[in-house]
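For reference, the structure discussed in these notes is given below.
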Amino acid sequence: MGACAFFGHRIGMYQKYQKYMESLLINLIEREGITQFYMGGRGDFDYFCADIVAKLRVRYPNIKNTLVLSYIPKGGEDYTLSSRYDDSVYLLEERVLPKFAIIKTNEALVKKVDVVVVAVRFQSGGAWRATEYARRQGKKIINIYDECIDE
């Protein structure tokens, strides 16, 4: 049983990659034994991937879609998990300043997974930093922009 994480720029037009992503995720499930998917739920790419994994759960009921939290919800905060996800997880073992929470969460996430699927065009931002960290950790990285020709 393997695990996959997703990182992408917060804003993007990802719908044109729908068929490619479905095919890619089916391949990861069927050929590489990926059953656990993690995503941050912070931007367009996260929601795009979460929706595809949720759709694939009908065909593959053994897969799990987990929302990764960078911050622990405060006591009075109303926290409802979207139906896209099976559960949520907070990965940080020690307290970090809020401005570093996402960076440290992404690093902890990279350590948990076998494959990282990304949508990274620019050499800046959190998605790019997480991708570079995954590369340094020797993780398999699939960048949808490298694999698909824009239509």
Report task. Could you tell me whether the range 119-141 includes any residue that is assigned to a helix (DSSP H, G or I) and hydroxyl-bearing (Ser, Thr, Tyr)? Result -> yes
Query raised in the report: Of the residues 55, 111, which is in a helix (DSSP H, G or I), closer than 22 Å to residue 139 by Cβ and either open to solvent by 60 Å² or more (accessible area, probe 1.4 Å) or in contact with a strand residue (DSSP E or B) (Cβ under 6 Å, 6 or more places away or on another chain) (or both)?
Result: 111
Report summary line: Within the range 76-92, residues farther than 24 Å from residue 28 by Cβ, open to solvent by 40 Å² or more (accessible area, probe 1.4 Å) and either outside any loop (DSSP other than H, G, I, E, B) or touching a Lys or Arg at 6+ places or on another chain (Cβ under 8 Å) (or both) come out as 90
Query raised in the report: Within the range 66-75, is there a residue that is open to solvent by less than 30 Å² (accessible area, probe 1.4 Å) and either on the phi > 0 side of the Ramachandran plot or in contact with a Cys (Cβ under 8 Å, 6 or more places away or on another chain) (or both)?
Result: no
Query raised in the report: Has the range 93-107 got at least one residue that is under 16 Å from residue 4 (Cα atoms), at pLDDT 90 or above and assigned to a loop (DSSP other than H, G, I, E, B)?
Result: no
Requested in this report: Go through the range 13-23 and give me each residue that's at pLDDT below 90 and buried (at least 18 other Cβ atoms within 10 Å of the Cβ).
Outcome: 14, 17
Report task. Look at residue 26 and say whether it is more than 15 Å from the chain's Cα centre (by Cα) and open to solvent by less than 50 Å² (accessible area, probe 1.4 Å). Result -> yes
Query raised in the report: Which numbered condition trips up residue 101, out of (1) open to solvent by 20 Å² or more (accessible area, probe 1.4 Å); (2) without any contact (Cβ under 8 Å) to a residue 40 or more places away in the chain; (3) farther than 23 Å from residue 29 by Cβ?
Result: (1)
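The values are calculated or read from the model by the stated rules, or taken from the named source; none is laboratory data. Please read these numbers as outputs of a predicted model, since none were measured by experiment. Cβ coordinates were reconstructed from backbone atoms using ideal geometry, including for glycine residues, and neighbour counts include every protein chain displayed. Remember, those area values only see protein heavy atoms, side chains included, never the ligands or the DNA or RNA. Shrake-Rupley method; radii C 1.70, N 1.55, O 1.52, S 1.80 Å.
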